[in-house]
Amino acid sequence: MSQVLSQNSIKILELVKNEGKTNIYSFIKAHFRNDSYRRVYTHIYQLEKRGYLEKYKHKDLEFIRISPKGSAIIETFKREKDGKWKMIIFDIPESRRSVRDYLRTKLKQLGFKKWQNSIWVTPYKLPSDVVEELKELSERYFVRLITVESINNDKDLKGLF
């Protein structure tokens, strides 16, 4: 769980992987019409800098494609529903804000959605390394992972996914 990528970065990697090599300008225009070009381009630049994307020029146009490292990281974020709800409940003090912010970022990355303050939920299966890291966090902070078969009146939850 040590890799932290934003939701936008994960989305960009998944889209580029599905499209293969693509022109940067056309890619941003097609998939991020409502977003700032500069902001999306900055995400692409950061992904290239970290080795997840490869950028190259052809006939004065910039193209991107996913790198082997990018393909590998996307595999770790594949989401598969297993018919159970996973809930994370936590109470991390303000003095440990960096831990709390890290946990929230990771939960978003893993497909969790905020249900209530400090209660996050997902229908997706969790990788074993994530479960292990949550166990480590629960030893130092009040972080609990709850797995349930069903939740009554869960239409609001299903609407999140």
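The values are calculated or read from the model by the stated rules, or taken from the named source; none is laboratory data. Since we're looking at a predicted model, the values are computed, not measured. Methodologically, a virtual Cβ is constructed for each residue, glycine included, from the backbone with ideal geometry; neighbour enumeration extends over all protein chains shown.
Do the conditions hold for Ser71, that is, is it touching a residue at least 40 places away in the same chain (Cβ under 8 Å), part of a helix (DSSP H, G or I) and of a type outside the set (Phe, Trp, Tyr)?
Working: touching a residue at least 40 places away in the same chain (Cβ under 8 Å): yes; part of a helix (DSSP H, G or I): yes; of a type outside the set (Phe, Trp, Tyr): yes.
Spelling it out, Ser71 is indeed touching a residue at least 40 places away in the same chain (Cβ under 8 Å), part of a helix (DSSP H, G or I) and of a type outside the set (Phe, Trp, Tyr).
Looking at this structure, is Ser118 polar (S, T, N, Q), at positive phi, surrounded by fewer than 17 Cβ atoms within 10 Å (Cβ to Cβ) and out of contact with any Leu (no Cβ under 6 Å at 6 or more places or on another chain)?
On the way: polar (S, T, N, Q): yes; at positive phi: yes; surrounded by fewer than 17 Cβ atoms within 10 Å (Cβ to Cβ): yes; out of contact with any Leu (no Cβ under 6 Å at 6 or more places or on another chain): yes.
Spelling it out, Ser118 is indeed polar (S, T, N, Q), at positive phi, surrounded by fewer than 17 Cβ atoms within 10 Å (Cβ to Cβ) and out of contact with any Leu (no Cβ under 6 Å at 6 or more places or on another chain).
Considering only residues that are touching a helix residue (DSSP H, G or I) at 6+ places or on another chain (Cβ under 8 Å), of a type in the set (Phe, Trp, Tyr) and either surrounded by fewer than 18 Cβ atoms within 10 Å (Cβ to Cβ) or assigned to a helix (DSSP H, G or I) (or both), which ones fall in the range 32-62?
Listed by number, the residues that qualify are Tyr37, Tyr41.
Can you give me the number of residues within the range 74-116 that are outside any helix (DSSP H, G or I) and either modelled with pLDDT of 85 or more or over 24 Å from Asp154 (Cα atoms) (or both)? So that I can check it myself, show each step before the final result.
Step one: of the range 74-116, the residues outside any helix (DSSP H, G or I) are 77-93, 110-116.
After this cut, where a residue has to be either modelled with pLDDT of 85 or more or over 24 Å from Asp154 (Cα atoms) (or both) as well, the list is 77, 82-93, 112-116.
Adding up the residues that qualify gives 18.
Which condition number does Asp91 fail, the rest of (1) assigned by TED's automatic domain parsing to the domain that holds Asn117; (2) free of Cβ contacts under 8 Å to residues at least 24 places away in the same chain being met?
The one condition Asp91 does not meet is (2).
Among the residues that make up the range 98-107, is at least one of them of a type outside the set (D, E, K, R) and free of Cβ contacts under 8 Å to residues at least 24 places away in the same chain?
Step one: of the range 98-107, the residues of a type outside the set (D, E, K, R) are 98-99, 102-103, 105, 107.
Subset that is free of Cβ contacts under 8 Å to residues at least 24 places away in the same chain: 98, 107.
Yes, the range 98-107 contains at least one residue that is of a type outside the set (D, E, K, R) and free of Cβ contacts under 8 Å to residues at least 24 places away in the same chain.
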